[in-house]
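Sending over a structure as structure tokens; questions will come in a sec.
The values are calculated or read from the model by the stated rules, or taken from the named source; none is laboratory data. Note that the structure is a prediction, hence the values are computed from the model and not measured. Because the Cβ atoms are built from the backbone with ideal geometry, glycine has one as well, and the counts that use them run over all protein chains shown.
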Ligand code: ADP
């Protein structure tokens, strides 16, 4: 029979989730996990039921940022996920580690297997949105995500100085690899605001955003300032309390219209 009839390799699935948004970055440390968590907060505040899949298996930060430490448990053959105070559900390998400081030193297949199992066995059904915090870069794990999860759109997190042609090209390639539309860029640490006079300060120099947007026909969907409050709330596991209405609206607007 033809390859099309082969059902040994199942395609990516939705698990009954309305829309699936992945958050990626060309490199680490740009605030990808922070943006993933903030997107979940924004959608939750807008009234949607949201779950976060922490697919950054070797650097799992979502539980810390959202202040969850309860372990998932199995009921009705599904992994039931713990939720934040406002009801954001989270599945992360960090929730399964006895010592959450323990390094996750796993080889590729185990990491891939974990992501796959979290997706296929998690109780995702009925959620309006799943936010997938991708591992940084464009290697093995993002590909696993593509093979198991039917992602509807990718948000690419950058910083002003990483808005180089090279990094943006990586982001575009990530979308292509995953065969998923790149919704646009979220620029993190775009500027700072002086606590004394309120003036905006481009501490990383002016970004090349507009050139890049033209060159690649990409949009910058949201800009996030360097914000002490954001760092503090993240450290305290209270990102849910972050107040920045403009940002929340931008993140919601960037994702609610995405086609499933
Ligand atoms: P990544 O997932 O890309 O590795 P994280 O989201 O974990 O990055 O962020 C790295 C660190 O930077 C965290 O401690 C986070 O609190 C902090 N951070 C991220 N974005 C901001 C921001 N806009 N203002 C202040 N601190 C930030």
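Before we move on, is residue 251 modelled with pLDDT of 90 or more, within 16 Å of the ligand (Cβ to nearest atom), under 28 Å from residue 165 (Cβ atoms) and assigned to a helix (DSSP H, G or I)? Explain how you work it out, then say what you get.
Working: modelled with pLDDT of 90 or more: yes; within 16 Å of the ligand (Cβ to nearest atom): yes; under 28 Å from residue 165 (Cβ atoms): yes; assigned to a helix (DSSP H, G or I): yes.
Taking the combined requirement at face value, the residue satisfies it.
Out of the strands (runs of 3 or more DSSP E) lying entirely within segment 51-96, which hold 3 or more residues that are in contact with a strand residue (DSSP E or B) (Cβ under 9 Å, 6 or more places away or on another chain) and under 21 Å from residue 135 (Cα atoms)?
Working: elements: 73-75, 78-80, 89-91.
Because the criterion is at least 3 residues that are in contact with a strand residue (DSSP E or B) (Cβ under 9 Å, 6 or more places away or on another chain) and under 21 Å from residue 135 (Cα atoms), the strands (runs of 3 or more DSSP E) in segment 51-96 that meet it are 89-91.
Just wondering, is there one or more residues in segment 130-141 that are closer than 21 Å to residue 62 by Cα and part of a helix (DSSP H, G or I)?
At the first step, the residues of segment 130-141 found to be closer than 21 Å to residue 62 by Cα are 130-141.
In the following step, the residues that additionally are part of a helix (DSSP H, G or I) were identified as 140-141.
The answer is yes; a qualifying residue exists.
Can I ask one more? Of the conditions (1) within 18 Å of residue 32 (Cα to Cα); (2) at pLDDT below 85; (3) over 17 Å from the mean Cα position of the chain (by Cα), residue 232 fails just one. Which one is it?
(2)
Right, another one. Answer yes or no as to whether residue 151 is in contact with a helix residue (DSSP H, G or I) (Cβ under 9 Å, 6 or more places away or on another chain), part of a loop (DSSP other than H, G, I, E, B) and in contact (Cβ under 8 Å) with a residue 40 or more places away in the chain.
On the way: in contact with a helix residue (DSSP H, G or I) (Cβ under 9 Å, 6 or more places away or on another chain): yes; part of a loop (DSSP other than H, G, I, E, B): yes; in contact (Cβ under 8 Å) with a residue 40 or more places away in the chain: yes.
For residue 151, the condition - in contact with a helix residue (DSSP H, G or I) (Cβ under 9 Å, 6 or more places away or on another chain), part of a loop (DSSP other than H, G, I, E, B) and in contact (Cβ under 8 Å) with a residue 40 or more places away in the chain - is met.
Among (1) in contact with a helix residue (DSSP H, G or I) (Cβ under 9 Å, 6 or more places away or on another chain); (2) within 11 Å of the ligand (Cβ to nearest atom); (3) closer than 26 Å to residue 60 by Cβ, where does residue 191 come up short?
Going through the list (1) in contact with a helix residue (DSSP H, G or I) (Cβ under 9 Å, 6 or more places away or on another chain); (2) within 11 Å of the ligand (Cβ to nearest atom); (3) closer than 26 Å to residue 60 by Cβ, residue 191 breaks only (3).
Taking the criterion of being at pLDDT 85 or above and within 16 Å of the ligand (Cβ to nearest atom), would at least one residue in segment 169-177 satisfy it? Steps first, answer last, please.
If we filter segment 169-177 for residues that are at pLDDT 85 or above, which is where we start, we get none.
Among the residues of segment 169-177, not one is at pLDDT 85 or above and within 16 Å of the ligand (Cβ to nearest atom), which makes the answer no.
Would a scan of segment 83-95 turn up a residue that is modelled with pLDDT under 95, surrounded by fewer than 21 Cβ atoms within 10 Å (Cβ to Cβ) and out of contact with any helix residue (DSSP H, G or I) (no Cβ under 9 Å at 6 or more places or on another chain)?
No, segment 83-95 has no match at all.
Quick one: residue 232 ticks every box in (1) closer than 18 Å to residue 26 by Cβ; (2) within 14 Å of the ligand (Cβ to nearest atom); (3) outside any strand (DSSP E or B) except a single one, so which number is it?
(1)
Tally the residues that are in contact (Cβ under 8 Å) with a residue 60 or more places away in the chain, surrounded by fewer than 19 Cβ atoms within 10 Å (Cβ to Cβ) and under 24 Å from residue 14 (Cβ atoms), restricting the search to segment 96-137. Break it down stepwise before answering.
Just the residues of segment 96-137 that are in contact (Cβ under 8 Å) with a residue 60 or more places away in the chain, to begin with: 115, 118-120, 122, 124-137.
In the following step, the residues that additionally are surrounded by fewer than 19 Cβ atoms within 10 Å (Cβ to Cβ) were identified as 120, 125-126, 128, 137.
Then keep just the ones that are under 24 Å from residue 14 (Cβ atoms); that gives 120, 125-126, 128.
Qualifying residue count, segment 96-137: 4.
Restricted to segment 26-41, and to residues that are out of contact with any strand residue (DSSP E or B) (no Cβ under 7 Å at 6 or more places or on another chain), part of a loop (DSSP other than H, G, I, E, B) and near the ligand (Cβ under 6 Å from one of its atoms), which residue is nearest to residue 140 (Cα to Cα)?
Restricting to residues being out of contact with any strand residue (DSSP E or B) (no Cβ under 7 Å at 6 or more places or on another chain), part of a loop (DSSP other than H, G, I, E, B) and near the ligand (Cβ under 6 Å from one of its atoms), the top hit is 28.
Sticking with this structure for a sec: Among (1) under 19 Å from residue 50 (Cα atoms); (2) in contact (Cβ under 8 Å) with a residue 24 or more places away in the chain; (3) surrounded by fewer than 19 Cβ atoms within 10 Å (Cβ to Cβ); (4) away from the ligand (no atom under 14 Å from the Cβ), which single condition is residue 77 missing?
Exception for residue 77: condition (1).
Follow-up. Is there a residue in segment 214-225 that is away from the ligand (no atom under 15 Å from the Cβ) and exposed (fewer than 11 other Cβ atoms within 10 Å of the Cβ)?
yes
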